[in-house]
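> Quick one: the structure is below, questions incoming.
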Amino acid sequence: GCELTASTKSYTFQVDEEDDSDHILALSVVCLTDGAKDECNVVEVVGRNHENQEIAVPVANLKLSCQPLLSLDNFKLQPPVTFRLAAGSGPVHLAGWHQIVHREDASFEEDDDLSEEE
């Protein structure tokens, strides 16, 4: 997880470029934490599209009095990805999980599936 605040407006999750594994980052929950003001806190995800252009998409608009927490049901992203506090001062906590799939493991599983089918 990470926390976005007025002083730390963004957090980038990236993996080593030389790593040939597949990485999946899943965002589970975005919530306001102690010290949050009753203001709109907009969290956006910044990534790259198929043309390698930066694209920002708002994923949460939290306000202490009406929606202090949002469940994103493991919203899957491919690193590198940046989480940015586009509006508000937070603090906003983001939680999720990171899965690493080693390519040699994936090919091993595929071979097992083929032998079972035969």
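> How big is the Kirkwood radius of region 2-102, worked out from every pair of different alpha carbons and given in Å to one decimal?
One decimal place: 14.1 Å for the Kirkwood radius.
> Do the sum for the chain: with -39,500 (n - 2.57) for every DSSP H run of n ≥ 4, divided by all residues, what is the mean residue ellipticity at 222 nm, to the nearest 500 deg cm²/dmol?
Value at 222 nm, helices only, nearest 500: -4000 deg cm²/dmol.
> Show me the GluC sites (Glu not before Pro) within region 1-46 that DSSP assigns to loop and that have at most 13 other Cβ atoms within 10 Å of their Cβ.
Taking region 1-46 and a limit of 13 other Cβ atoms within 10 Å, the loop GluC sites (Glu not before Pro) found are Glu17, Glu18.
> Please report, as a whole percent, how much of the solvent-accessible surface of region 25-66 comes from carbon and sulfur atoms (probe radius 1.4 Å).
Result for region 25-66: 49 percent of the exposed heavy-atom area is carbon or sulfur.
> Residues of the chain: accessible area per residue at 1.4 Å, in Å²?
Accessible surface, normalised per residue, equals 65 Å².
> Please determine, in degrees from 0 to 90 and to the nearest 10, the orientation of helix 103-117 with respect to the longest principal axis defined by the Cα atoms of the chain, where the helix direction is its Cα long axis.
50
> Please give me, ordered by residue number, the trypsin sites (Lys or Arg not before Pro) of region 13-99 that lie in loop per DSSP and have at most 15 other Cβ atoms within 10 Å.
Lys37
The values are calculated or read from the model by the stated rules, or taken from the named source; none is laboratory data. Note that the structure is predicted; figures quoted are calculated from it, not measured. When we count neighbours, we look across all protein chains shown, and the Cβ atoms used for this are built from the backbone with ideal geometry, even at glycine. In case anyone asks, the SASA skips ligands and DNA or RNA and just uses the protein heavy atoms, side chains included. Shrake-Rupley method; radii C 1.70, N 1.55, O 1.52, S 1.80 Å.
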